[in-house]
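Just below is one structure, and these are the notes that go with it.
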Amino acid sequence: MTLCVMSSLLSYNSPRLFLLIMLGWLLAGCDGAQLNNPYRSEDDGKNILYSSFSERPKHLDPAIAYSSNEYALIAQIYEPPFQYHYLKRPYQLIPLTAESMPQVHYFDKSGARLADDAPVESIATSEYLITINPGIQYQPHPAFAWQNGKYAYHELVEENTQAIETLDDFPLHDSRELMAEDYVHQIKRLAHPKIHSPIAEVMKQHIVGFTDLAAELKDVPLTELRDKQIAGVQVLDKYRYKIRINGNYPQFRFWLAMPFFAPMPWEADVFYAQPGLKEKNITLDWFPIGTGPYYLAENNPNRRMIMQKNPLYHDAFYPAEGESGDYASGLLADAGGKLPFIDKVVYMLEKETIPYWNKFLQGYFDASGIASDSFDQAVQFTGEGDAQLTPMMKEKDIQLQTAVTTSIYYMGFNMLDKVIGGDSARSRKLRQAISIAIDYEEYISIFMNGRGVASQGIIPPGIYGYLPGQQGINPYVYDWQQEKVQRKSIEAARQLMTEAGYADGVDPATDEALILYFDTTSVSVDDRPRMNWFRKQFKKLGIKLVIRPTDYNRFQEKMRSGSGQLFLWGWNADYPDPENFFFLLYGPNGKVKHGGENAVNYANPEFDRLFEQMRNMQDGDERLALILQMQDILRRDAPWVFGVHPKSFSLYHGWYKNLKPMLMVNNRMKYIRIDAAERQQKRTQWNTPQWWPLLLMLIILAGLAIPAVISYRRRLHGGAE
Amino acid sequence: MIQYIIRRILYAVPVLLCVNIITFILFFVVNSPDDMARMQLGQKHVTQQAIDNWKQQNGYHLPLFWNSQKNGGEPLTETIFYQKSIGLFAFDFGISDSGRNIGADIKQRMWPSLALAIPSLIVGLLINISVALMMVFFRRTYLEFGSIVICVILMSISSLFYIIGGQFLIGKLLMLVPISGYDTGFEAIKFLILPVLISVVAGIGSGARWYRTLFLEEVEKDYVRTARAKGLSETRVLFTHVLQNALIPILTGVVVVLPLLFMGSLIMESFFSIPGLGSYTIDAINRQDFAIVRSMVFLGSVLYIFGLLLTDISYTLVDPRVRLS
């Protein structure tokens, strides 16, 4: 019957075409081609890296972009003056477009230059003199196109842009040399109120004249930005510029390695401000213009984004030295090789983890994270607790790379709260007891598949000031026993509760169990086990934990008003310096009073004094001593339950080369190399279509249809009779 | 008929206005303009000054419905509601809160949605009707009973299972099609085979049972008995007479969903990474992008009203007795 319908339909052309295509598909499969290949066959065997994104990036303008998924793209396109060394650890800043590291000069209040080793108190301003390398070119872009003695596309009217859909539709593309002026232009962009740069408020505190410029630019269009001056930032000549900052702020060098301080040609602002372009989503926020190893050749955040090798990229070479062990692990095999190695990078939109994982196993993605659904399939733990790949992964020559991230997830105590906050011995002991009771080792094991390290303090591993082993433990929560860190027993926590006046968790004010309130945005059914686990941890001390689920907006409101009691929060480092963590507990950064990042509103004058001292110092014994002192204060006061430093687990195929944990290195793509021939061979081997189950299914269906056919024929005969 | 259509379009205006007001109220009950600004500006280093700047630039500094500081007609027009709603009625969706042109995004994303939805609808319809007619043909036999059981089983399985199972079986084990993805032109076909197949299989249970009910109502009528008495075969009776007379309820169900095919399927598009409109609204809600939310709700309402109008018109085409007045 269905055949009858089909045959009548086939009298039309389009279904015939469809049938032809289906036939072609079947024949292609019989030919041994990869039917499940999600890419075009002409790309097979090419030097292309395949990656994915699950959510489209919000911004690609380096003055605004601030999240890791945005950096994954723009850090390959824009080049700030400095970068992190790809192989050396701890992280080391080296020049990128700059000729050398910045020359830093100090000045006193009268503007007189001070000696390089002048005491910090005497420094009123610091000046960073940066010299960039000559001869660096921008990617080809229509904003630079020059025709008849003027810019070809700087005076467009709507009629000119009607047929334009992407940048490729402009026939002329050109380039120009990178100049110091472009770096200064970008700093001015950071100050522009219409740009909404997330670091504008931070830079107001540091760059001289930044606040004044921001006020001056209130009604100034971006196209006129070139004519405005900022007091603290000056172009000295074509290749040199200087930035003057308030006081001594050594961490400023790290900011100079972030895309916020990448160059932006004034032509870009003029070009993108023209009528008719924004309506087609042709904006600087979506079509970057940089000097980096790649340029964005296709930007369709609804489907895929493609980066091509920048044909005008300046000379850059793979590092010739690294850490000990890098040579043995093959990380120096490409030493001196011209960067970048890969011709094209394709980012495909992949919203769900299951198809993404399966495509990785088929060889269609070169690297993958590990979702909890597929964790057991990929990783198993040895008796010593070390993660290793399962035999299936090893068979496919997949490599596992783990690294503790420079992040911390913590449980915060609102220090303004009457019960849990304050600096009384009673509340401090209560917080310490809770810190012991919440067994984060168990949490990591149950809820994170072992992908984390219980925190011993505020500083994660890999950041200056972190000490491993016995000397780095939190003595208020842990003991050092048998060469291992051991959480204190629950009895110790109960003892602290008794000392705090809450024996067995009973609140003397009510003679009932002490009630604490936990505000959380984890409101889904999937979060219930986790919330129940937290309840159980508090129950060990006799405390009744009341979970207050709330949406993110209300949660933020509670944080701003200081009406929360307990909450979970986290921080991901901007740069590898302990200042970027300690400032989260600096008094003048209190969220309620000052709207800062100190969400628990912790204020300890001694800690604040040490912080002010420490943040202005260069790394060394003196600074380390201050850091340890500050860590100790925090461990004692326990404004946070120092929770977890998450561990990232990533999988890579065998053809993915030059792999090193590089959490701070955002411009990593240029160092990666792939063996495209090996990948093609593996893909063919792993993706041979299997027809027999389909044929078997068809035979079974045909068998099942036999009774229907018999019955149908009987009826027909019956009708005839 | 033209008068009828004009009247229906005029009726649509207050409906759309109400939909717009409800969307507006629901959105702003949950999110304040400050919350929206925070979501757009990110998590780190967000100050009140930055929030105020963002609101000013995006027009969220105004009062929601009534601006008591203005005179004349301005108390009504100098509000977020007026400023953000008026363009919608001219189908000018404007710029999203994250800075992208919504109209351009919709134009780009509706084609993949249609590429998935149209074949799913057509193939699904053909198969459901064929299966339903087969069930009617074999009515009161074990074949009908068996088919109903299978239909109930198919209906009881979650659509998520079909998707994951289909990807696992066809994409991963048999390796006959890509597990997910999308491409343009004819290259899109290999990506659409699996989602269309899954849509069809997942819809057979409910679809076939629904059409079976319609056909069973028709099959006992006098004209069918007359057709049989004339000696027509049961196949001819079912495919020509019963099917034709059951078209009105079928059309009601099908025509009304035609315009909504533009809106795409959330789960299907998400699992198969098809860049359609299905996930556009959900993503916007998660990002608190009010400009996209109100545009998509408005567009959905317009398409639904259009679908109802098309249904009314289609009645006159399939049943000459129906007249629009």
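Every read-out reported here was derived from the displayed coordinates using simple, explicitly stated rules and does not represent laboratory data. Since the model is a prediction, treat every value here as computed from it, not as a measurement. Cβ: placed from backbone, ideal geometry, glycine included. Neighbour counts: every protein chain shown.
A:VAL546's amide H: which non-local residues (gap 5+, or another chain) put their own amide H closer than 5 Å, with H modeled 1.01 Å from N in plane and none for Pro or chain starts?
Here A:LEU516, A:TYR517, A:PHE518 satisfy the definition.
So what is the relative contact order of the stretch A:366-500, in percent, for Cα pairs below 8 Å that sit 6 or more residues apart?
21 percent
Rg and Dmax of the stretch B:148-187, using alpha carbons, in Å: what are they?
So, for the stretch B:148-187, Rg and Dmax equal 13.5, 40 Å respectively.
Per residue of the stretch A:563-576, in order, report the coupling 6.51 cos²θ - 1.76 cosθ + 1.60 (Karplus, θ = phi - 60°) as ³J(HN,Hα) in whole Hz, putting x for Gly and Pro.
Karplus-based 3J(HN,Hα) across the stretch A:563-576 equals 8, x, 10, 10, 7, 9, 8, x, 8, 10, 5, 7, 8, x Hz.
For the stretch B:216-303, state which GluC sites (Glu not before Pro) are in a DSSP loop and have at most 14 other beta carbons lying within 10 Å of their beta carbon.
B:GLU220
Per DSSP H run of at least 4 residues, take -39500 (n - 2.57); add these up for chain A, divide by its residues and hand me the 222 nm value, nearest 500 deg cm²/dmol.
For chain A, the value works out to -9000 deg cm²/dmol.
Could you pull out the trypsin sites (Lys or Arg not before Pro) across the stretch B:83-153 that fall in loop regions by DSSP (anything but H, G, I, E, B) with no more than 10 other Cβ atoms inside 10 Å?
When the trypsin sites (Lys or Arg not before Pro) of the stretch B:83-153 are filtered for loop state and at most 10 Cβ neighbours within 10 Å, B:ARG140 remain.
Considering every residue in B:91-98, what mean count of other chain Cβ atoms within 10 Å of its Cβ is obtained?
Taking the mean over all residues of the peptide, I get 1.
Enumerate the lysines that A:LYS429 could reach by cross-link, defined here as Cα to Cα under 16 Å, with residues fewer than 8 away along the same chain left out.
A:LYS418, A:LYS488, A:LYS540
Listing B:CYS18, B:CYS151 from the residue with the fewest other Cβ atoms within 10 Å to the one with the most, what is the order?
Going from sparsest to densest Cβ surroundings: B:CYS18, B:CYS151.
For A:LEU49, what residues show an amide H to amide H distance below 5 Å, using hydrogens built from the backbone and excluding near sequence neighbours?
Correct list: A:LYS344, A:VAL345, A:VAL346.
Going by C-beta contacts inside 10 Å, put A:ASP61, A:ASP504 in order with the fewest on the left.
Lowest count first: A:ASP504, A:ASP61.
In the stretch A:69-136, what GluC sites (Glu not before Pro) fall in a loop by DSSP, with at most 14 other Cβ atoms inside 10 Å?
Listed in order of number, the matching sites are A:GLU99.
Arranged by the count of other C-beta atoms within 10 angstrom, fewest first, what order do A:SER122, A:SER407, A:SER324 take?
Values: A:SER122 13, A:SER407 17, A:SER324 6.
Ascending Cβ contact count within 10 Å gives the list A:SER324, A:SER122, A:SER407.
Given A:LYS218/B:LYS84; A:LYS46/A:LYS194; A:LYS338/B:LYS44; A:LYS204/A:LYS351, which pairs have Cα atoms separated by over 31 Å? Could the numbers behind the result be given before it?
Values: A:LYS218/B:LYS84 24 Å; A:LYS46/A:LYS194 42 Å; A:LYS338/B:LYS44 36 Å; A:LYS204/A:LYS351 38 Å.
From the list (A:LYS218/B:LYS84; A:LYS46/A:LYS194; A:LYS338/B:LYS44; A:LYS204/A:LYS351), the Cα-Cα distance tops 31 Å for A:LYS46/A:LYS194; A:LYS338/B:LYS44; A:LYS204/A:LYS351.
With all pairs of different alpha carbon atoms counted, what Kirkwood hydrodynamic radius in Å does the stretch A:384-522 show?
After inverting the pairwise mean of 1/r, the radius is 17.7 Å.
Quick one: which residues, 5 or more positions from A:LYS351 or on another chain, have an amide H under 5 Å from its amide H? H modelled 1.01 Å from N in the peptide plane, none for Pro or chain starts.
Close amide H contacts, sequence-distant or interchain: B:SER273.
Between the helical axis of B:2-30 and the dominant principal axis of chain B, each derived from Cα atoms, what acute angle in degrees is found, rounded to the nearest 10?
Helix B:2-30 sits at roughly 60 degrees to that axis.
Mind checking B:29-42 for the average number of partner chain beta-carbons within 10 Å of each residue's beta-carbon?
For this peptide, the per-residue mean of nearby foreign Cβ atoms is 3.
Which ³J(HN,Hα) values in Hz, rounded to whole numbers, follow from the phi angles of the stretch B:303-308 under the Karplus curve 6.51 cos²θ - 1.76 cosθ + 1.60, where θ = phi - 60° and Gly and Pro get x?
5, 5, 4, 4, x, 5
Step through the table entries A:LYS394/B:LYS172; A:LYS309/A:LYS394; A:LYS359/A:LYS647, compare each Cα-Cα distance with 22 Å, and write down the pairs that go over it.
Working: A:LYS394/B:LYS172 19 Å; A:LYS309/A:LYS394 32 Å; A:LYS359/A:LYS647 24 Å.
Beyond 22 Å between Cα atoms: A:LYS309/A:LYS394; A:LYS359/A:LYS647.
Report the dimensions of chain A along its three principal axes from the alpha-carbon atoms, largest first, rounded to Å.
Projected onto the principal axes, the Cα atoms of chain A cover 105, 81, 53 Å.
Would you be so kind as to identify all helices of chain A, as entire DSSP H runs, whose Cα atoms reach 20 Å or more along the helix's own axis and whose mean Kyte-Doolittle hydropathy is at least 0.5?
Span-like helices here: A:13-30, A:692-720.
Once the cut-off is 22 Å, how many percent of the Cα-Cα pairs in the stretch A:407-648 end up in the long-distance tail?
The answer is 52 percent, as a whole percent.
May I ask you to list the lysines whose Cα is less than 19 Å away from that of A:LYS238, ignoring any residue fewer than eight positions away on the same chain?
A:LYS188, A:LYS228
Before anything else, pin down the relative contact order of the stretch B:109-318: Cα pairs under 8 Å, at least 6 apart, normalised by residue count, whole percent.
Answer for the stretch B:109-318 is 30 percent.
Can you give me the C-alpha center-to-center distance between the stretch B:119-164 and the stretch A:190-226, rounded to a whole angstrom?
Centre-to-centre distance over Cα atoms comes out at 64 Å.
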